[in-house]
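J.: Starting off with a structure, shown below.
The values are calculated or read from the model by the stated rules, or taken from the named source; none is laboratory data. As the structure is a computational prediction, the values presented were derived from the model and not from experiment. Backbone-built Cβ (ideal geometry, glycine too); neighbour counts: all protein chains shown. What goes into the accessible areas is simple: the full protein's heavy atoms, side chains included, and nothing from ligands, DNA or RNA. Shrake-Rupley method; radii C 1.70, N 1.55, O 1.52, S 1.80 Å.
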Amino acid sequence: MICSRCSERAIISQRYSGFHLCQGHFIEDFERRAAETVQKNAMVKDGERIAVAVSGGKDSTALLLCLHKILAGRDVELIAITVDEGIDGYRDDTIKAARAIAGQLGIEQKIVSFREEYGYDLDEMVRGKDAAPCTFCGVFRKNALNKMAKRLGACKVATGHNLDDEAQSVMMNYLKGDIHRLMRLRPRREQPGLVPRIKPLRDMPEKEIALYCMVKDVFTHSRECPYAKLSLRADVRDMMNSLESLFPGTKQSTMQGFEKLAEMAKGMRTQVDLRACRKCGEPCVEELCKACELLGKLNVNCITASLLYI
Ligand code: SF4
Ligand code: ZN
């Protein structure tokens, strides 16, 4: 198979675009498309400090590499934030990888851990509970990232969400019938206390992100989080992957359909006004933010457990 743009051997065939690309043209195409997403959505302005959430997995590694490349020469500062949730046998390796890539690019890295912020590792939070670990993880990770980004004076938080993640999120919200959460996937309005989030890789398929890391020769930890298989997302991911292999372009069309809906919903009040959490001051919908609510339940459980041992 020969590259559609030169006579080199192609390393990828993009079924959705019909192009075959060699290594050089694949890298060029990947970075050009990410730069277009950033530009089209006015994600980054000159003079800004951007906090990049870097877990050390392939998506965030590709994100940091790609942003470092496409923003070179611009008056933009990147700083990496790594969240240590406390997942035994998994997170230590990815943190090492995150440290390595930030060091290689000369980008400052800050680590924020669940244990230091909330008093518990994720493993402790979910031990013996029915709730899905990803629910705890997602709530506390968002909270920790937002707090750390504010402490660092960051204007935006960039995350490595890819096309697959975004299409899965759209589908999960359709399946749950949660239209409000669906529309919040495209926040149109800045909210006080919430550092705006940007997703520069949201148009890039997961497989191309893995390939980008491979051809850029950066180590990424390939093991999956031990809790991943317990989530609804895992089933939706399998379903979307089989649909994509039967009907190439399914993930893109899921996103295009969602964009049209979001456009039609413009002007409708799909985003609620946030207020400050009574306990920690972080932005939230109710009196207490989700993190404080869950933390309250965890503390009650811990007191009950310790009383049992008296
Ligand atoms: Fe957290 Fe779930 Fe992701 Fe594991 S799979 S890192 S528990 S959100
Ligand atoms: Zn709170």
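J.: Do you know the relative contact order of the chain, to the nearest whole percent, from alpha carbon pairs under 8 angstrom that are 6+ apart? Each step should come with its number before you reach the end.
T.: Numbers: 431 pairs, mean separation 57.4, N = 310.
Taking the mean separation of contacting Cα pairs over the length of the chain, I get 19 percent.
J.: Only four residue types carry charge here, +1 at the Cβ of Lys and Arg and -1 at the Cβ of Asp and Glu. Report the dipole size of segment 9-136 about the Cα centre in Debye, rounded to the nearest 20. List each step's numbers first, then the result.
T.: Details: 17 positive and 21 negative charges, 124 e Å.
In debye, rounded to 20, segment 9-136 gives about 600.
J.: Keeping all protein chains in the complex and leaving out DNA, RNA and ligands, what accessible area do you get for ASP29 with a 1.4 Å probe, in Å² to the nearest 10?
T.: Probe radius 1.4 Å; accessible area of ASP29 about 10 Å².
J.: Heavy atoms only, 1.4 Å probe, whole protein assembly: order MET214, MET43, MET239 by accessible area, highest first. Working shown, then result.
T.: Numbers: MET214 135, MET43 10, MET239 75 Å².
I get MET214, MET239, MET43, largest accessible area first.
J.: Name the residue from LEU65, ILE12, GLY47 whose Cα lies farthest towards the positive end of the charge dipole of segment 1-83, charges +1 on Cβ of Lys and Arg and -1 on Cβ of Asp and Glu.
T.: Projecting each Cα onto the dipole axis, the largest value belongs to ILE12.
J.: Hey, what's segment 144-204 come to in accessible area per residue, 1.4 Å probe, Å²?
T.: On the way: 2590 Å² over 61 residues.
It amounts to 42 Å² per residue over segment 144-204.
J.: In addition: Percent of accessible area on the chain owned by carbon and sulfur, 1.4 Å probe? Display every interim value, and only then the final one.
T.: Values: 8770 of 16360 Å².
Percent of accessible area from carbon and sulfur atoms in the chain: 54.
J.: May I ask you to evaluate 6.51 cos²θ - 1.76 cosθ + 1.60, the Karplus curve with θ = phi - 60°, for each residue of segment 35-48 and list the ³J(HN,Hα) values in order in whole Hz, giving x for glycine and proline?
T.: Coupling constants for segment 35-48: 4, 5, 4, 5, 6, 4, 9, 6, 6, 10, 10, 4, x, 8 Hz.
J.: What distance in nm lies between label points placed 7 Å from Cα along the C-beta direction at ASN241 and ASP93?
T.: So the label points at ASN241 and ASP93 sit 1.7 nm apart.
J.: Specify which residue in the list MET172, GLY193, TYR227 is farthest towards the positive end of the charge dipole of segment 166-249, using unit charges on the beta carbon of Lys, Arg (+1) and Asp, Glu (-1), about the Cα centre.
T.: Of the candidates, GLY193 comes out farthest on the positive side.
J.: Can I ask one more? At a 1.4 Å probe radius, which order do LYS142, LYS150, LYS279 fall into by accessible area, largest first?
T.: Numbers: LYS142 120, LYS150 80, LYS279 150 Å².
Ranking LYS142, LYS150, LYS279 by accessible area, largest first, yields LYS279, LYS142, LYS150.
J.: Something else about it: Solvent-accessible area of ILE111, probe 1.4 Å, all protein chains present, reported in Å² to the nearest ten, please.
T.: 70 Å²
J.: Under 5 Å between amide hydrogens, which residues at least 5 positions from ALA10 or on another chain qualify, with H placed 1.01 Å from N in the peptide plane?
T.: ILE2, CYS3
J.: Ok, one more. Roughly how much of GLU224 is accessible, in Å² to the nearest 10, using a 1.4 Å probe?
T.: Counting only protein heavy atoms, GLU224 exposes about 100 Å² to solvent.
J.: Oh, and also: Of the DSSP beta bridges with both residues in segment 1-107, give the percent that are antiparallel, rounding to the nearest 5.
T.: On the way: 4 of 9 bridges.
Among the beta bridges of segment 1-107, antiparallel pairing accounts for roughly 45 percent.
J.: Please list, ordered by chain and number, the residues whose modelled amide H lies under 5 Å from the amide H of ALA158; skip anything fewer than 5 residues away on the same chain.
T.: Amide H to amide H, under 5 Å and 5 or more residues apart or across chains, ALA158 pairs with ALA51, VAL52, ALA53, ILE198.
J.: Residue by residue, what Karplus-based ³J(HN,Hα) values in Hz, rounded to whole numbers, does segment 278-294 have, using 6.51, -1.76 and 1.60 with θ = phi - 60° and x for Gly and Pro?
T.: With coefficients 6.51, -1.76 and 1.60, one gets 4, 9, 10, x, 6, x, 7, 8, 8, 5, 10, 6, 4, 5, 5, 5, 5 Hz.
J.: Another one. Given an 8 Å cut-off on Cα distances and at least 6 residues of separation, report the relative contact order of segment 39-95 as a percent.
T.: Values: 54 pairs, mean separation 24.4, N = 57.
RCO, segment 39-95: 43 percent.
J.: Something else: What fraction, in whole percent, of alpha-carbon pairs in the chain exceed 23 Å separation? Before the final figure, lay out the partial values.
T.: On the way: 29248 of 47895 pairs.
Summing the P(r) tail past 23 Å for the chain gives 61 percent.
J.: To the nearest 0.05, what FRET efficiency results for SER13 and ASN299 with a Förster distance of 41 Å applied to their C-beta separation? Present the calculation step by step, with values, prior to reporting the outcome.
T.: Values: r = 53 Å, r/R0 = 1.30.
The formula returns an efficiency of 0.15 here.
J.: Provide the percentage of antiparallel DSSP beta bridges, counting only those with both residues in the chain; round to the nearest 5. Walk me through the numbers before you get to the answer.
T.: Details: 6 of 21 bridges.
In the chain, approximately 30 percent of DSSP beta bridges are antiparallel ones.
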